[in-house]
Every structure is written in structure tokens, then in C-alpha cells.
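Okay, structure first, notes after.
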Amino acid sequence: MKSLLLPISSVLAVVNGGLLRGGTRKNPGGSGGSFFNAFNVLWYKPHWQCDSERAADFINSRLPWVDFAGISEYNATFPIGDEGYGSISSTCGQDNTPIELFYNRDKWSLLGSVPPKPICRDTSIIRGDTYDLRDQFQCGKGRGGNYTLEEENNDADCCSCNYSSDEFEKVVASRPFVAGLFDSAGGKVCVVVTELPHNIRNVDGPGFNGCTDDPSQLDECMLNHDETSRVRGTSNLVSSVLDLCGNDVPIIFMADTNIISQKVSVEDIFLSTESINNPLAGLVEFSDGDSPYTCCNEDPPTQFAMDRIAVTHGPVGLKDGGGQLHIRNLNGGASVQGDTIDTFLGNKGYVCNSQEEHAPIVALISYSSSELMQSQSLLREA
């Protein structure tokens, strides 16, 4: 895979007359002219063991290049964020697992979110330079603590868990999500960032007994309570996304999916039922069946294609001509199992170098439109 961020800015300079800092568009000129609406998104899971300033430096240096960034299990005390970016944060479960969604405030207006309360926005999860969580994020007893649904109901203001009360069990009890509904000059978009529980088979098997080692195992996956996913403990995620995003607004989905094989797509693990039209069942990746290996920094390294960025096309697009979301390019991870990962801009290897760290990935996403088709020759020449 080629380095993504710098070539994108070169391409957009050709197509769109240039990008401002933070991905804000410049109108290429002329009243009533249409935009080529394209932007970068970043997903990164340092994992909770990372306690290095390297991760913060990486995140902070990439934020000005992206419209949205999903950051999962960042537990270090080094501050992350940018004055031009808003954030929505949540935690979940016995480990108070944190997740954050950053967005470019110059371009996107926040219309609604999960968790919904303003106290969950534009603030760090921890207090200052300590490891103490702010009160609104204290959902559980801390890593390794004894935890049952009866003891803790994840009822702090900023708790947002994938599981519903019907499917609680300890193995799914620490998987958070955040979702935001946004509007811009180009139209609305809903962004969902999460880490999914580990999938398992509904039949006995050896070892961990996951159901995404191979597409042939998908029919053996244990479904969630609402039968809207082949990943147990995700009913609240699906219902919350449906409530916030609906089926008419395109969705950007960024996650540690815990999918093992690159041949299994995100679309494969979400389902609609007769009564639930699940918007996540329409997720499309850059190249189904060829996702990069991103997990993890362990021995042997980078064996699994867990971290994914996907979109639903959706009927809502540019206000001046219509269009659907498409992933135009994806970078990061390793294209070959166990190979050295690409961290953009010529950098190689894991960022934090901590145990179980995941490789970051970044995608170029755009609305399709007639202007996109007219610009293909320019893209080839850039």
C-alpha cells in the first residue's frame, strides 16, 4: 500500500483547488459551483497498555489532516486533541474502557450523539495528568475488578456499551461505542466508532472457538439478542445507531471488529430482520476480502485483520447534485500477514510499541457525483 495522507492532499489540490488545514474545503471558484467533497478519517487503537507520548504525538499530528478520528483504549495521561476539533467520549464496563470520536468543528456541526449528554463532549476522560477518570466516565470498578450487571449498571452519564441488558455477560461487558450525527455544506453523515466483543461459534470447538477465522464459519456465529449481528453483545449498538442515524443518512463506521480473517467483511457480521432494518447491514469496505492486517503487536505480530473502516452508501449526498459515500483509498496495517506495517508518511512499525497495540488505519472518503466522474483524468495525472 502506498502512503496516503500526502498524496491525498496533492490529489485534492488538483481536483478541488486545494485543502485548508484540517481538511476544510475551498470552493474552486464560481458561484453555484459544486464541490468535490472528500475527506480523511483515522482509526487507531493504542490499547490500554500504551503509556507513551509517542501515541499522543501521532494522534495530535494527524488530527489536522482528518475530518474524523476514532481513538480506542487510549489510557495514557498525555493530552490528545486540537482546538479546532470537538470530541464525544464514552467508557464501558468493568474496565472503564475508553473510546473517543474527534471531529473537525470548522466543517461539521454536531446534531446529536450517543452518549447524548453535553458533559460527554469536548472534555478528556481523565482528570488532568492523572489516571483518575472524571465522574461521568466511571462506569465500572476498574480493570480486573469483580463486575456484574446487578452491581454496576453502566449508568454514569457517559457510559455507552454495545450490549443490551438482555445479553450481559462478563466477556462482553467492556466494549464501548460513540456515535455522532453531523451536518455540513455537503450534507449529513453519521459516524460510529466502537470496539466489538469477540465473536464465538454456537457449536463446541477448540481454543478460542471464534467464528470469523473463515467465511465458511459465519453460519455458526452466536448471534446477539436481537439477531442483528453475528457478534454477541451488540444489540444496543445496533438499536442506538438506528435511532440516531436512521436508514437515510450515510454512515462511517470505524472499529476494532475482532474479525480474524481479512476474507470476512464488516457487512458479513451485521444482519437485518423482519422487524429491524439494520443500517449497519449495508456497510461497504474499500476492498472486501482484502482488508489490511492490523493486530497486534505481539509474538507473532500482525496476524489478524481486525481494524476496519466501512461506509454505508446512503441516499443523502451533496446538496447540489446528490451522491453516495465511497471509500476511495485506504492505508495502514500490513497487506501481508506478519509483515511490517505502514503508518503513513513513510513511517513503519507500530506507533507506541506497547503490547497488543493495533496498527492505525486511515481512509479517503468522498461523496460520488458527476464532478467526481469528470475529475478521473485529473486524479490519474496527479
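What follows is calculated from the coordinates using simple rules that are stated; it is not laboratory data. Being a predicted model, the structure only gives us computed values, none of them experimental. Here the Cβ is made from the backbone with ideal geometry for all residues, glycine too, and neighbour counts use every protein chain on show.
Points to keep in mind about this one:
- Pairs over the 25 Å Cα-Cα cut-off, from the set Lys117/Lys188; Lys107/Lys263; Lys45/Lys263: Lys107/Lys263.
- Ordering of 91-103, 326-338, 300-312 by burial proxy (mean other Cβ atoms within 10 Å per residue, highest first): 91-103, 300-312, 326-338
- Span from the the range 46-60 Cα centroid across to the the range 199-261 one, whole angstrom: 28 Å
- Qualifying aspartates and glutamates (Cα of each under 15 Å from Cα of Lys348; at least 8 residues distant if same chain): Asp339, Glu357
- Protection proxy ranking of 40-46, 234-240 - average other beta-carbon atoms within 10 Å, highest first: 40-46, 234-240
- Protection proxy ranking for 132-139, 115-122, using the average of other Cβ atoms within 10 Å per residue and placing the highest first: 132-139, 115-122.
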